[in-house]
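Down below is the structure, laid out as structure tokens.
The values are calculated or read from the model by the stated rules, or taken from the named source; none is laboratory data. Since the structure is predicted, the reported quantities are computational estimates derived from the model, not experimental observations. With ideal geometry, Cβ positions are generated from the backbone for all residues, glycine too; neighbour counts draw on all protein chains shown.
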Amino acid sequence: MDQVFVRPERCMGCRSCEIACAVQHSKDKTLLSAIMQSPSPQKRLFVEWADGLKMPVLCRHCEDAPCMNACISGCLYRDEKGFIRRRKERCIGCWSCIMACPFGVIVRDRHKRIAVKCDRCHKLDVPACVNACPTKALILVDVDKIPGDRRKSVLLSINNGEA
């Protein structure tokens, strides 16, 4: 399963990912129309800054998804690709999912009174945030490949005398 992987050491805090996300979720999917749209389209990921560290924070589509488990209306569900999605017509605005999300990435749409979360740009091959990142701080990777890549990285750092 491919996941959006964050490399915080590469993030400049430019917020290109946030803008791309909002544009992707706008009516016409263009920057100009998104700027003019009222109400403004909502982003589904957040570039956070703390103690000099900046990093995009986004939905992890957890295996044991606390948000989905807390949803009392059945609005949140897991799709065929394994991502937590939302049936907006079923959202009753109870905010249980917001309270349950350990990452704080589910927000409310104040105008529609429904929960808003990352849908992994399910209609695109690569999420808009990943495509927009100029430094490749956000990349799409196979989760099963990450441990092997990390092991190789550790081995190379030991070989180069870094560890």
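Filter the range 35-60 down to residues that are more than 25 Å from residue 97 (Cβ to Cβ) and among the aliphatic types (A, V, I, L, M), then give me how many there are. Residues in the range 35-60 being more than 25 Å from residue 97 (Cβ to Cβ) and among the aliphatic types (A, V, I, L, M): 3 in total.
The set of residues in the range 37-53 that are under 20 Å from residue 120 (Cα atoms) and surrounded by fewer than 16 Cβ atoms within 10 Å (Cβ to Cβ) comprises 40, 48. Quick one: would you say residue 33 is of a type in the set (S, T, N, Q) and within 22 Å of residue 114 (Cα to Cα)? When the stated conditions are applied, residue 33 does not pass them.
Scanning the range 54-79 for residues that are closer than 17 Å to residue 122 by Cβ and in contact (Cβ under 8 Å) with a residue 60 or more places away in the chain yields 58, 59. You will find that of 33, 16, the residue that is over 17 Å from the mean Cα position of the chain (by Cα) and of a type outside the set (Val, Ile, Thr) is 33 and no other.
If the condition is being closer than 10 Å to residue 67 by Cα and either in contact (Cβ under 8 Å) with a residue 40 or more places away in the chain or not hydrophobic (A, V, I, L, M, F, W, C) (or both), then the range 80-100 contributes only 96. Within the range 26-53, the set of residues being touching a residue at least 60 places away in the same chain (Cβ under 8 Å) and in contact with a Pro (Cβ under 6 Å, 6 or more places away or on another chain) comprises just one member, 45.
Filter the range 29-61 down to the residues that are part of a strand (DSSP E or B) and out of contact with any strand residue (DSSP E or B) (no Cβ under 9 Å at 6 or more places or on another chain) and list them by number.
Within the range 29-61, 50, 53 qualify.
Filtering 132, 128, 115, 137 for residues that are farther than 18 Å from residue 11 by Cβ and either at pLDDT 95 or above or under 15 Å from the mean Cα position of the chain (by Cα) (or both) leaves a single hit, 115. Looking only at residues of the range 1-28 that are assigned to a loop (DSSP other than H, G, I, E, B) and in contact with a helix residue (DSSP H, G or I) (Cβ under 6 Å, 6 or more places away or on another chain), we find that the one that is surrounded by the most Cβ atoms within 10 Å (Cβ to Cβ) is 26.
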